[in-house]
Amino acid sequence: QVQLVESGGGLVQAGGSLRLSCAASGSIFSINAMGWYSQAPGKQRELVAAITSGGSTNYADSVKGRFTISRDNAKNTVYLQMNSLKPEDTAVYYCKCAVVAGLRSNEYDYWGQGTQVTVSS
């Protein structure tokens, strides 16, 4: 089994910064894409940023220029550096990893437990 543990959320004033971390552990052969999703109350979970195993990234339009996703493959960890935070960024942030495992190298999605990010004005 694979476990994803998130950290780094909290309360910050508008314009501030936070750095989220998500570390994967367990029976991992390799990890393909990793990503961060946000879910505000009453809203669908939405992709914020994603990164491939080779380092290619994509971002939601709302966070481009403010957020940066990165990964440390040796540590099976993905990060989300969030700068210039806005109140509308307030949400629970979840990480997801596409883990390669099994005899046929199947890909399985695993989710972190979520971490609350609250941006005050």
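The values are calculated or read from the model by the stated rules, or taken from the named source; none is laboratory data. Computed from a predicted model, the values in this text were never measured in an experiment. Note that each Cβ is placed from the backbone with ideal geometry, even for glycine, and that neighbours are counted across all protein chains shown. Note: areas computed on protein heavy atoms with side chains; ligands, DNA, RNA excluded. Shrake-Rupley method; radii C 1.70, N 1.55, O 1.52, S 1.80 Å.
Points to keep in mind about this one:
- Among the conditions (1) open to solvent by 60 Å² or more (accessible area, probe 1.4 Å); (2) at negative phi, Gly42 misses just one, which is (2).
- Checking Leu80, Leu85 one by one, the residue that is in contact with a Lys or Arg (Cβ under 8 Å, 6 or more places away or on another chain), buried (at least 18 other Cβ atoms within 10 Å of the Cβ) and assigned to a loop (DSSP other than H, G, I, E, B) is Leu85 and no other.
- All positions within region 100-121 that are over 18 Å from Leu47 (Cα atoms) and of a type in the set (Val, Ile, Thr): Val100, Val119
- Every pair of residues 6+ apart whose Cβ atoms lie under 6 Å, when the first sits in region 102-117 and is within 17 Å of Val92 (Cβ to Cβ) and open to solvent by 70 Å² or more (accessible area, probe 1.4 Å) while the second is among the β-branched types (Val, Ile, Thr) and modelled with pLDDT of 95 or more: Gln116/Val92
- The residue that is modelled with the highest pLDDT, among those in region 1-22 that are open to solvent by less than 40 Å² (accessible area, probe 1.4 Å) and over 15 Å from Gln81 (Cα atoms), is Leu4.
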